[in-house]
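Written out below as structure tokens is the structure these notes cover.
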């Protein structure tokens, strides 16, 4: 993704809207009374991807568009949703220290992962069952990511097989892997990911059991009993066991290494103790994640885990992160604390459910544009120039 094209689209779109808002808030117009404000007021509910000014507006659309079961699956988390909220609240405890009088006319948002260069540090985190959001599901998301050259992680529990998804986004797909207690099934999943050309396996380790998602119990039963919305990677694989594996230990890393030549990212790490074990076991990267608040009710935001993990890793391997990212400023804060790349989950699925592929593209455009803007306002001209000096903890 070239920053010039993203910034150009963003600039044209916002120019008129921001100017009208500026006029409406000026002292001169305040003298004219309420009628002037009515003239410039706008409905916040969007009717097209292009009309969106932030990612939250897409969720407003799907509240009305989806069935309650489908919306709850996307929206809700474990127990009382406190970890979902903790992911968001943690960003408010971090402030950005901006610098002045720096030429920010050219911004470079590119990063490198495993020898591949990406135009943005933003990636699509794995989200299962996307067919409940839109008939084209992961295919539409893959086309959006492929068109815009964004990295995409594809879930084990996709609506479409990983091979079909990879065709829609060649070279840009990593495979997120839920191991089963049936090692034959696990091996076949890895084989299919390899055949699809996925260069990286993202082992998710935060599901020894399924989190307590109370609003989704009946929905899961209904989805798994029907072919509609079922798992595209499993139509011909007998599932004697579920995808939650309570027997999984660190010894499983050796099994993966002996059954795939792909790079290995371990996803779901939130403590320095486990980060050290990832290093000891030879992981190629770590992804900090609490499953978007859908697993344990830890009441801890993922960005709060980032400093202690970076202290152990010391840039020996890349550290990625997801969990509650909704704004370019959120992404900036994670990059400043040492993350190499930042995953989004719910926002792009909101866009998918609302408008299909164009909705996903608009979500990515908005977040990329917001990231570029805060980089310009803070005086950082490249991702490599963003460091811990640009963030500080808010005094409580």
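The values are calculated or read from the model by the stated rules, or taken from the named source; none is laboratory data. In this text, all values refer to a predicted model and were calculated from it rather than measured experimentally. We place every Cβ from the backbone using ideal geometry, glycine too, and count neighbours over all the protein chains shown.
Here residue 135 does not fit the description of being in contact with a strand residue (DSSP E or B) (Cβ under 6 Å, 6 or more places away or on another chain) and either surrounded by 14 or more Cβ atoms within 10 Å (Cβ to Cβ) or part of a loop (DSSP other than H, G, I, E, B) (or both).
For region 243-275, a residue qualifies if it is in contact with a helix residue (DSSP H, G or I) (Cβ under 8 Å, 6 or more places away or on another chain) and within 23 Å of residue 342 (Cβ to Cβ), and the qualifying residues are 262, 264, 266, 268, 269, 270, 271, 272, 275.
Exactly one residue among 316, 394, 373 is over 18 Å from residue 58 (Cβ atoms), without any contact (Cβ under 8 Å) to a residue 40 or more places away in the chain, touching a helix residue (DSSP H, G or I) at 6+ places or on another chain (Cβ under 8 Å) and surrounded by fewer than 24 Cβ atoms within 10 Å (Cβ to Cβ), and that residue is 316. Output the residues belonging to region 299-313 that are surrounded by fewer than 17 Cβ atoms within 10 Å (Cβ to Cβ) and touching a helix residue (DSSP H, G or I) at 6+ places or on another chain (Cβ under 6 Å). Passing the criteria: 299, 308.
Checking each residue in region 232-243 for being at pLDDT 65 or above and either closer than 18 Å to residue 275 by Cβ or surrounded by fewer than 17 Cβ atoms within 10 Å (Cβ to Cβ) (or both) picks out only 242. Given the condition over 24 Å from residue 285 (Cα atoms), assigned by TED's automatic domain parsing to the domain that holds residue 363, buried (at least 16 other Cβ atoms within 10 Å of the Cβ) and touching a helix residue (DSSP H, G or I) at 6+ places or on another chain (Cβ under 6 Å), answer yes or no: does some residue in region 117-125 qualify? Checking region 117-125: not a single residue is over 24 Å from residue 285 (Cα atoms), assigned by TED's automatic domain parsing to the domain that holds residue 363, buried (at least 16 other Cβ atoms within 10 Å of the Cβ) and touching a helix residue (DSSP H, G or I) at 6+ places or on another chain (Cβ under 6 Å). One residue is enough: does region 356-377 have a residue meeting the conditions outside any helix (DSSP H, G or I), in the same structural domain as residue 147 (by TED's automatic domain parsing) and more than 29 Å from residue 75 (Cβ to Cβ)? No: zero hits. Residues that are within 17 Å of residue 291 (Cα to Cα) and touching a helix residue (DSSP H, G or I) at 6+ places or on another chain (Cβ under 8 Å) within region 319-329 comprise 319, 321, 322, 323, 324, 325, 326, listed in sequence order. Taken as a whole, the structure leaves residue 349 outside the set of residues that are modelled with pLDDT of 95 or more and not in a helix (DSSP H, G or I). For region 158-175, the set of residues classified as under 20 Å from residue 114 (Cβ atoms) and in a loop (DSSP other than H, G, I, E, B) consists of 169, 170, 171, 172, listed by residue number.
Of 197, 146, 163, which residue is within 16 Å of the chain's Cα centre (by Cα), surrounded by fewer than 21 Cβ atoms within 10 Å (Cβ to Cβ), farther than 27 Å from residue 274 by Cβ and without any contact (Cβ under 8 Å) to a residue 40 or more places away in the chain?
146
Out of everything in region 271-298 that is without any contact (Cβ under 8 Å) to a residue 60 or more places away in the chain and in a loop (DSSP other than H, G, I, E, B), what residue ends up being surrounded by the most Cβ atoms within 10 Å (Cβ to Cβ)? So, considering only residues that are without any contact (Cβ under 8 Å) to a residue 60 or more places away in the chain and in a loop (DSSP other than H, G, I, E, B), the one surrounded by the most Cβ atoms within 10 Å (Cβ to Cβ) is 283.
Look at (1) more than 17 Å from residue 84 (Cβ to Cβ); (2) in contact with a helix residue (DSSP H, G or I) (Cβ under 6 Å, 6 or more places away or on another chain); (3) outside any loop (DSSP other than H, G, I, E, B) and you find that residue 338 fails only one, number (3). Among the residues of region 378-396, count how many are closer than 25 Å to residue 305 by Cβ and in a loop (DSSP other than H, G, I, E, B). Count: 6.
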